[in-house]
Amino acid sequence: MEWKGATKDKNTLSTSEEENVNKKQEELQLKVSSMAGRRALKAVLIDLSGTLHIEDTAVPGAQEALNRLRQASVAVKFVTNTTKESKRNLLERLQRLNFDLQEKEIFTSLSAARSLLEQKQHRPLLLVEDSALEDFTGINTTEPNAVVIGLAPDHFNYQTLNKAFRMILDGAPLIAIHKARYYKRKDGLALGPGPFVTGLEYATDCKATVVGKPEKTFFTQALSDLGCSPNEAVMIGDDARDDVGGAQNTGMLGILVRTGKYREGDENKINPPPHLTCDSFPDAVEHILKNLL
């Protein structure tokens, strides 16, 4: 006689029940493998453009997901290579989109560039957008002896680039705020500063000093005031190389989202591959809350 209350073995499970069992097993294995040899998660670093928003449009559900993450026992910091606007302008844009964040929580590649200029006492030729210049207030730019290049579509013309070229030939250091190949705008993908930096490197036979993502120093600086080490942190971003690859090379976990500049197959362009590739920021937060805390 078969008891109605008898427990089903795996061979008698329905397809949907078996899928649920397998999914739970995979989630458990993922949680165990990801945390093996790692300390408890203390911080989440979050990219901005392409991850939380694209220009003046928020990624669907991103605000609510950020609020959920803030309720967990982890520190949150926003790290960005954006050079099109100052930190203040960026903060205002995000607050208009109803994101809950403060200026002190944002660490930009502009901040990293300024720190290097102050440390080296360089007088830069600043190839950045006018809206980003306020982040260099107080830096002496008379008789420049260094070239600093970010994303500056309004200044990427032959005359300006040729001036930079001649300065570098005369011994001025080339400082790249970052070398992203491209980024996402509402009208599609657009060239980043990387191709222009690489052009100057090629023409002058020199190598730029890069200060933004994916440099290890950028990530360690961002983590320093949170009081945690890389193996206690995870990075979420839409750039496989600069966000995820850079973070993982520093010792963090990296989560790649399929929004912003992401293109199919990006997760295969870095080694090791991302800890996780998911559809969007809310999915990344869900994974962290369920599997990493």
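The values are calculated or read from the model by the stated rules, or taken from the named source; none is laboratory data. None of these values were measured; they are calculated from a predicted model. All Cβ positions, glycine included, derive from the backbone under ideal geometry; neighbour counts span all protein chains shown. When the accessible area is computed, the model is the full protein with side chains, heavy atoms only, and any ligands, DNA or RNA have been set aside. Shrake-Rupley method; radii C 1.70, N 1.55, O 1.52, S 1.80 Å.
Looking only at residues of the range 187-200 that are of a type outside the set (A, V, I, L, M) and either farther than 23 Å from V79 by Cα or in contact (Cβ under 8 Å) with a residue 12 or more places away in the chain (or both), we find that the one that is most open to solvent (accessible area, probe 1.4 Å) is D187. The set of residues in the range 200-217 being of a type in the set (K, R), within 22 Å of V244 (Cβ to Cβ) and not in a helix (DSSP H, G or I) consists of K213 alone.
All conditions in (1) at pLDDT 95 or above; (2) under 23 Å from I149 (Cα atoms); (3) of a type in the set (A, V, I, L, M, F, W, C); (4) surrounded by 22 or more Cβ atoms within 10 Å (Cβ to Cβ) hold for A203, with the sole exception of (4).
No other residue among K31, K87, K10 is more than 19 Å from C228 (Cβ to Cβ), loosely packed, with under 15 Cβ neighbours inside 10 Å and at pLDDT below 95 apart from K10.
Of all residues assigned to the range 120-138, at least one qualifies as being touching a residue at least 40 places away in the same chain (Cβ under 8 Å) and farther than 16 Å from A176 by Cα. A count restricted to the range 138-181 and to residues that are assigned to a loop (DSSP other than H, G, I, E, B) and under 30 Å from G50 (Cβ atoms) stands at 15.
Please verify whether the range 253-266 includes one or more residues that are aromatic (F, W, Y), over 18 Å from K42 (Cβ atoms) and outside any loop (DSSP other than H, G, I, E, B). No: zero hits.
Considering the range 37-58, and only residues there that are more than 30 Å from F136 (Cα to Cα) and hydrophobic (A, V, I, L, M, F, W, C), the residue that is most open to solvent (accessible area, probe 1.4 Å) turns out to be A40.
Taking the stated definitions as given, is A284 in a helix (DSSP H, G or I), modelled with pLDDT under 95 and either under 20 Å from V59 (Cβ atoms) or open to solvent by less than 10 Å² (accessible area, probe 1.4 Å) (or both)? So A284 fails the test.
Restricting attention to the range 151-175 and to residues that are modelled with pLDDT of 95 or more and small (G, A, S), the residue that is surrounded by the fewest Cβ atoms within 10 Å (Cβ to Cβ) turns out to be G171. If you check K104, K184 for being without any contact (Cβ under 8 Å) to a residue 12 or more places away in the chain and outside any loop (DSSP other than H, G, I, E, B), only one passes: K104. If you go through the range 122-132 and keep only what is open to solvent by 50 Å² or more (accessible area, probe 1.4 Å) and at pLDDT 95 or above, you end up with just R123. Being farther than 18 Å from F78 by Cα and buried (at least 16 other Cβ atoms within 10 Å of the Cβ), is that true of even one residue in the range 211-229? No; the residues of the range 211-229 include none that is farther than 18 Å from F78 by Cα and buried (at least 16 other Cβ atoms within 10 Å of the Cβ).
When the range 133-150 is filtered for residues that are open to solvent by 40 Å² or more (accessible area, probe 1.4 Å) and of a type in the set (A, V, I, L, M), only L133 remains. Taken over the range 65-83, residues that are farther than 29 Å from N231 by Cβ and surrounded by fewer than 22 Cβ atoms within 10 Å (Cβ to Cβ) amount to 0.
Considered as a group, the residues in the range 50-71 that are among the small types (G, A, S) and in a loop (DSSP other than H, G, I, E, B) include one that is farthest from Y182 (Cα to Cα), and that residue is G61. Restricting attention to the range 148-166, the residues that are out of contact with any Pro (no Cβ under 7 Å at 6 or more places or on another chain) and touching a residue at least 24 places away in the same chain (Cβ under 8 Å) add up to 10.
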